[in-house]
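Below is one structure; the comments refer to it alone.
The values are calculated or read from the model by the stated rules, or taken from the named source; none is laboratory data. Since the model is a prediction, treat every value here as computed from it, not as a measurement. Positions of Cβ are backbone-derived with ideal geometry, glycine not excepted, and every protein chain shown enters the neighbour counts. Side chains included, ligands, DNA and RNA excluded: accessible areas come from the protein's heavy atoms. Shrake-Rupley method; radii C 1.70, N 1.55, O 1.52, S 1.80 Å.
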Number of protein chains: 6
Amino acid sequence: MKRFDGREAFELRPVKLTRGFTNIPEGSVLIEVGQTRVICTATVEEKVPLFKKGTGSGWVTAEYSMLPRATQTRNPRESSKGKLTGRTMEIQRLIGRALRSVVDLKKLGERTIWLDCDVIQADGGTRTASITGAYVALVDAVNHLLAKGLIKENPILDSLAAVSVGKVDGMALLDLAYEEDSKAEVDMNVVMTGQGKFVEIQGTAEDIPFGREELDQFLELAEKGIQELMGMQKAAAQVGTGPLSQN
Amino acid sequence: MKRFDGREAFELRPVKLTRGFTNIPEGSVLIEVGQTRVICTATVEEKVPLFKKGTGSGWVTAEYSMLPRATQTRNPRESSKGKLTGRTMEIQRLIGRALRSVVDLKKLGERTIWLDCDVIQADGGTRTASITGAYVALVDAVNHLLAKGLIKENPILDSLAAVSVGKVDGMALLDLAYEEDSKAEVDMNVVMTGQGKFVEIQGTAEDIPFGREELDQFLELAEKGIQELMGMQKAAAQVGTGPLSQN
Amino acid sequence: MKRFDGREAFELRPVKLTRGFTNIPEGSVLIEVGQTRVICTATVEEKVPLFKKGTGSGWVTAEYSMLPRATQTRNPRESSKGKLTGRTMEIQRLIGRALRSVVDLKKLGERTIWLDCDVIQADGGTRTASITGAYVALVDAVNHLLAKGLIKENPILDSLAAVSVGKVDGMALLDLAYEEDSKAEVDMNVVMTGQGKFVEIQGTAEDIPFGREELDQFLELAEKGIQELMGMQKAAAQVGTGPLSQN
Amino acid sequence: MKRFDGREAFELRPVKLTRGFTNIPEGSVLIEVGQTRVICTATVEEKVPLFKKGTGSGWVTAEYSMLPRATQTRNPRESSKGKLTGRTMEIQRLIGRALRSVVDLKKLGERTIWLDCDVIQADGGTRTASITGAYVALVDAVNHLLAKGLIKENPILDSLAAVSVGKVDGMALLDLAYEEDSKAEVDMNVVMTGQGKFVEIQGTAEDIPFGREELDQFLELAEKGIQELMGMQKAAAQVGTGPLSQN
Amino acid sequence: MKRFDGREAFELRPVKLTRGFTNIPEGSVLIEVGQTRVICTATVEEKVPLFKKGTGSGWVTAEYSMLPRATQTRNPRESSKGKLTGRTMEIQRLIGRALRSVVDLKKLGERTIWLDCDVIQADGGTRTASITGAYVALVDAVNHLLAKGLIKENPILDSLAAVSVGKVDGMALLDLAYEEDSKAEVDMNVVMTGQGKFVEIQGTAEDIPFGREELDQFLELAEKGIQELMGMQKAAAQVGTGPLSQN
Amino acid sequence: MKRFDGREAFELRPVKLTRGFTNIPEGSVLIEVGQTRVICTATVEEKVPLFKKGTGSGWVTAEYSMLPRATQTRNPRESSKGKLTGRTMEIQRLIGRALRSVVDLKKLGERTIWLDCDVIQADGGTRTASITGAYVALVDAVNHLLAKGLIKENPILDSLAAVSVGKVDGMALLDLAYEEDSKAEVDMNVVMTGQGKFVEIQGTAEDIPFGREELDQFLELAEKGIQELMGMQKAAAQVGTGPLSQN
C-alpha cells in the first residue's frame, strides 16, 4: 500500500543539497527534502561564549527560524512577538547538541561556529533536514578554516545526518511529510553518525503509546534513511555551488 | 562495583510521595527522589485555551520552575530575567505532553488542569520526578472532579511514570543523581504507561554515540525502574496527607 | 468577641520555624504562620553588585515570589508573563531594606547575601512572615561564614521581626489572616528590632482614613506580636533541622 | 539652627500650583515645591479596567515618570530599558491608592481617571508633590465631568495632600530637599485628608531605627505641613491658568 | 570614470525577478539586485487589524528581516534579542506605506495582505529591492483573489518601484552597492509610481549637506532607474516560476 | 484663502524659545510652535558608546517621547508597554542624525551629548520642533563645555532648523498644525543648515503621489520657514532663561 505521495513506507522524499547557496557565509547550503527547504549557513566567529573563554576550546551552536509564510497559514514573527517559542528553542538546542557531538571542540580552537537554519518552506521534517544540511555547511566552514591555516587538524570526528520516522494509520513510515506528520500516532527523530551510532533519539507517542517491537521497526527505518542521506552529503561535497551563487 | 552513593546499577534512589503537601490545590504532591524534591500541584480551571474553545474537549498543561537555590550555585530567577530559558520550556513541554498522553481530553470536558512542578531541591532527574509526581497530583484533581460530580467518567486512561537512565564510566545506570548526570556519556529520559508502553524516549549522547545493544540495556533498566515507581504511586494513593497539611 | 478563627484581637496565629528545610543553601528556613508558609533561603555569593565593587562593603538583597497555586485561584507565573508585578517588586524591596537595617555591611565584607522568599501557601501576612523567616536564614548564613572563618566579627547588629496589624469591622487586630485582610479598613505592616525600635511602618487606609489614637493602638499590638515572634526566632536557633532535611 | 537652605525645621519649601499648565487634559497642574517640579494631568477615559466592568463603579489610577535629566545625572528612560523600575512601580501604586481613598468610585460611574505625574525637575519629595498636585488635577477633571453633566454628584469625599518628613543629623525636619533626603537617617511620607486623618504612613529607617517619641514628632511636623499645603490647594482653585496655557 | 564594479553612474546592477520562488504563499518573489537578494512573499489573511474592523476596507502591511548571515559579519537575530531594531521598524513602515499608496483599500475588502521581505543576502539597497519585489508579489496575490472571485475589481491603482541614489566621492550615482553606500556623502531612497509621481523621498546627508541642483540630479537618476525596474516587473509578470518551485 | 487658524499658506505658527527652562541640564530649552510644546534638554556625559571607544571622537544622540496626555486621547506610556513604537524610533533616529550632521565629532572629544525631546503638548510638527529646539540646547551645552575649558574649539559647524510642509486640499502649506496634518495629501519634513543646504528631506504621499513641480513648491516653503526659525534661534541665544528657572 502506497503513501499519499506515492512513496513506499521505507522511502525518503527526493533530497537535494546545494552548496554555496549564498556567497557570504563560510558555509551555505540549501537543503530540499521534498517540499521542505532550509537555508543552512555556517559562520565562523573568532570569539567564544563566556563559559568557554580561556579554555582553548571552541563552541558550535545553532539557531533555527521559519519565514512567516513557510507554512500554510502565516505565523507571526518571533522577533515581532519579542520572544522565541518553546518549539524554536527546543529545535535549536537539538541541532546545536547534535552537531557538537561530532566536533572535537579542542581542535576547533577558541572560536565559535554558528549554524543558522532558516526554513523557507516547511512540509514536515524541518528539524532533521536542518541537521542534515547544517552538517554540510559545517564541513565547508571547517574546510575554509583548514584552507586558511587557522586550524591544523580537522576537528570533525564523524559524519552526521538525521531523519524522522513515525507511525501513521498503524504503519511505520520513514521521513514523514506534513500531511503524515499531522496525524501521526508516533513521531520520532533520530540522529546518527557515519559509524551507525545514535546521537539523539526523540520519540513521542502523540496519541497511542508504543511498544519495544515498534521501536525496533522505527530505528531500522531511520538507520536506512540516514545511510542514504549520508550518501547524498558525500555527493554534494564533490560538486560546485547552486543557482543563486552564480550571479 | 557500587555507585558513589552505594547503589547498584539497577537501583532507584529512595522515593517518597507525600499527597496533600499543601492544602489549597485540587492535587498537591511532594515527590522526593533521593535529594531531588519537587512540589507538584494540580489546579482545575474552568476554562480552556483559545484553540480548544467550543470543542467540548479539555486541556492538560504543565509549568516547571526551580527555586533559585535548588542547586549548588544560585540561579537567577527567570521572572527577574524576563524570559524562560530553553531548558525550562523544553521540560515543561515534555511534562505536559506526557500527561496528556494518558488523559482522554473529551471526557475531561471543557476545562484545564494545570500541573505546576516547582523544584525546591535539585539533585538530578527533576524532569522525570516531576512527571511521576504530577501524575499523582493529576489523579487527585480528577478524583476531586468526580467527587463533585463535575465529570461522570474517569478521563485517565492509564498510569504514568518516568525515570532517567544513562551511561557513566561505560556502565548503564538507572536513575542518575546529579553527581552521575554531570559526567554521563549518555543521558536518557523514558516515560512509560502502566501497560508497559513508551510515551516518550529522549536519549542524548552527551559525549560518545551509543549503539543498539546499549539502547536495549537502557530501556530495560528504565522499564524496571518505572514499574517500581508505579508501585509507589499506588501505595501513595492509599495514604493520607503530609507533614505540612496537618497544621 | 472572638475572631473568625477563634483568636483574640491581640493573638498571633500558630507560628513554626523549621531550620534546614532544604539542605543546600547556607540558610534555609520554612516559616509557617497559620496557613501561610514561606521557604526562606539565604545564599552567600562571593561578589557584589556593581555599585559596591571595590568598596570593601557587602550587600544584602531579597527576592520574593509565590508558587502559582499558593492562593485560592491560580496566578500566572511572573516568569511566563515576562515581568514582575508592582506588588512583587514592592515586597522584595521592603524585605531587602528591612534586613539591611540590621546588618553592618562593612563587617560582611565584599560579598552578597541573597534572601529568597518563596511562598508555597498564602493566607495573609506573606511579606511579614518572609521578613521574620529570612532573618533566621540570614543568621544561619552568617554563622556559616563565621564557622568557615570567612568573616571575623558578626555583622548582625540586632534581631528583626515583622507583623501585620489592621482594623477590621472597626476593631484593631494583630496578624491578619487573608479572610480578615481582604476586608480590612486599615492595613499596616510593622518591622521592629530587638531593641524595640521601628525599621519600617507602612500603614494604608484601604477604606476609611485613621486617626492618631488608632495608630497608637496598631503600634502597641504590633510591638506585642513582634516580641513574641522574636521569642520563637530564639527558640528555633536552638533546635535542629526539619522534616525534609532528614532524608 | 537653620537648614542648608535657610529654612527652619518645620518650614515647607516655597510651593506653587499652576492650574491649566497644558491645555488638552481635563486637569493639568504644574506643582513646584522648591526646585521639585511635577506636571500632573488628569485624563477622563470612558472605560474601566476588566475587573471593574459591569460594576457601575469607576476607577482612579496613576502613572509616574521622570524625564531623564530631571536629576543631576541622566537616568536612562524606562521605555528604552523596556521595563519599569521597582521604585517607579512603588510610587505610582502609592499615588493611585492615595487618590482612590478620597473618591467614591460608585459616584464616579463606569469611567477611569488617569493621573499622570511627570517629574521635569527632581529635588526630593517628588512622590508627595505628585500626590498634592494630582489631587488638584483630579478636582479639575471632576469639575469638568460635573459641568458636562456626566456625573450628578461630586464623588470627591475629602481633600488630600502629602508631605515628607525625616531625621537628618538627629533632627526631625519637614519637607526634605534632595540634599537632606540623601543623608536622612529616617525618611517618612505621610498622606492625610482634610479631616486630619491618615491615608498612608510610610516610614523607613535608612540607617538608625527610630522610637515612638520620634514617630510622634514626625507626625506632628507632617500634619502641620499638610495643613499648609491644603491652604495652597484651595487658593489655587480660585485662580486661572499658568504661563504655558495662555499662548 | 567607471564605478568599482565597472558600472556607469546611471547604471542599475543586474536585476532578476523570480516569481513563484516558494510554492505556498499567494505571491512569492525572489528579487536579486546585484548581490542583494530578498524573498518577498504576499499572504492574504481574511481579517484586518482592530482599527479597520467593520469599515469594509482592507489593509496592506509589511515586515522586513535579514537572515543573520546576510551580511559580512553575522548579526544577532532580532528574535533572540527580543526586540526589533529602529532600522528594521523604519524600513518595514516604509515598505508598508509605499505599497498602500497604490492600493485602493476599499476595493480590497476587509482582508489584509502581508508582505514579508526577508533578505537572504545584503549588498546595499535592501529596502528599495524589497519594495520593488514586494510589488510583484502583491500583484500575484491580487490576481489570486481575482481568480478566486473573492474580489471583483482590481484594487491596484498603479505600478510601483524604488531605487537608491546617492553621492559618492562627489559624484551622483544610481543604485548604490554596499561598497558605495558605506562611504556615501548623501543617501537617498526614492519610490515612484508608473505615472512618474513620487510616493516617498527620503534623502539624508550622511556627511555633507546637499543643495537644490544636487537634489535635482538625484531625482533624475532615480526616475531613470525606476523606469527600468518597472520594465523588468512587467517582463516578470509574463513568465513562469523559479528554480525552487519546480521541484 | 486663509487657513483654519487664520494663517497664510506660507506662514509659520507663533514660535517661542525659552532657554534655561529647567535648571539642571547643560542645555534646557522649551520650544513652543503654536500649541506644540517640547522640552529639549542637552546632557553632557563623559563617556561614549562602545563603537566610539578609543577613537578620540564623540557622539551626539537623541531620545524622543510624548507625555501620555500630550494628545487629544491619552496614549499608553511606552515604558508601561515595555517597548518603543516604530514611530518613536524613527523620530529619535532622525533627530540624532540631523544634529550630528552639524557637529564635528572629533572636536567634541570622547564624550556624548544626549538630546532629550519630551513633548508635553502635541499639535503637529513635534519632530521638526524637536530638532529646532534641540539645536539651541546643544549650543548651550557646547558653550558650557567651552566655558569650562573641556573643549578648545567649537565643534558646531553650522546652524540647523527643521520644518514641516505639506499639501492639504490641493494647496502647499508651511508648518502644518495637527488639524491640517491629519488630512494632508503629502507630508514632508525638511531639515536645513544655516548655509541653506539640505540635511534631511522626508516626503511621503499619504494619499496622492506628487510631481516634481509640487516638490519644488514644498522646498521653497520649507526654505522660507527655516530661515525664519533660524532668526528666532539667534534671538533666543541673546536672552536669559524662562519662567520656571527663576524660582
Is there a residue being at pLDDT 95 or above and closer than 20 Å to D:Ser57 by Cα anywhere in region D:114-127? yes
Region E:57-76, subset over 15 Å from the mean Cα position of the chain (by Cα) and open to solvent by 40 Å² or more (accessible area, probe 1.4 Å), residue farthest from the other protein chains (Cβ to nearest Cβ): E:Trp59
Residue count, region E:152-199, condition within 12 Å of another protein chain (Cβ to nearest Cβ) and of a type in the set (S, T, N, Q), comes to 4
Condition check for F:Arg37: touching a strand residue (DSSP E or B) at 6+ places or on another chain (Cβ under 7 Å), within 23 Å of F:Arg87 (Cα to Cα) and without any contact (Cβ under 8 Å) to a residue 12 or more places away in the chain: no
Output the residue which, of all residues in region D:80-104 that are touching a Lys or Arg at 6+ places or on another chain (Cβ under 8 Å) and open to solvent by less than 40 Å² (accessible area, probe 1.4 Å), is nearest to F:Lys81 (Cα to Cα). D:Gly82
List the helices (runs of 4 or more DSSP H) inside region F:8-123, counting only whole elements, that have at least 1 residues being over 20 Å from F:Leu145 (Cβ atoms) and in contact with a Ser or Thr (Cβ under 8 Å, 6 or more places away or on another chain). F:78-81, F:86-100
Per the filter on region B:65-79, residues closer than 23 Å to F:Gly82 by Cα and not polar (S, T, N, Q) are B:Pro76, B:Arg77, B:Glu78
Of the residues E:Gly149, E:Gly109, E:Gly133, only one is away from chain F (no Cβ under 14 Å), touching a Cys at 6+ places or on another chain (Cβ under 7 Å) and over 30 Å from A:Thr112 (Cβ atoms); which? E:Gly133
Counted residues in region F:118-155 being under 13 Å from F:Arg37 (Cβ atoms) and polar (S, T, N, Q) come to 4
Has region C:129-147 got at least one residue that is over 27 Å from C:Glu223 (Cα atoms), hydrophobic (A, V, I, L, M, F, W, C), surrounded by fewer than 19 Cβ atoms within 10 Å (Cβ to Cβ) and more than 14 Å from the chain's Cα centre (by Cα)? yes
Restricted to region E:105-117, and to residues that are surrounded by 21 or more Cβ atoms within 10 Å (Cβ to Cβ) and hydrophobic (A, V, I, L, M, F, W, C), which residue is farthest from E:Val142 (Cα to Cα)? E:Cys117
Is there any pair with a first residue in region C:41-52 that is free of Cβ contacts under 8 Å to residues at least 12 places away in the same chain and a second that is surrounded by 16 or more Cβ atoms within 10 Å (Cβ to Cβ) and not in a helix (DSSP H, G or I) whose Cβ atoms are under 9 Å apart and which are 6 or more apart or on different chains, and what are they? C:Phe51/C:Trp59
I'd like to verify a number: residues in region E:1-29 that are open to solvent by 30 Å² or more (accessible area, probe 1.4 Å) and under 24 Å from E:Asp175 (Cβ atoms), how many? 12
Of the listed residues (A:Glu46, A:Glu32), the one being among the acidic types (Asp, Glu) and open to solvent by 50 Å² or more (accessible area, probe 1.4 Å) is A:Glu46
Conditions (1) open to solvent by less than 60 Å² (accessible area, probe 1.4 Å); (2) over 30 Å from A:Arg93 (Cβ atoms); (3) assigned to a helix (DSSP H, G or I); (4) touching a residue at least 24 places away in the same chain (Cβ under 8 Å): number failed by B:Ile151: (3)
Which number in (1) without any contact (Cβ under 8 Å) to a residue 40 or more places away in the chain; (2) of a type in the set (A, V, I, L, M, F, W, C); (3) in contact with a Cys (Cβ under 8 Å, 6 or more places away or on another chain) marks the one condition that D:Met89 misses? (3)
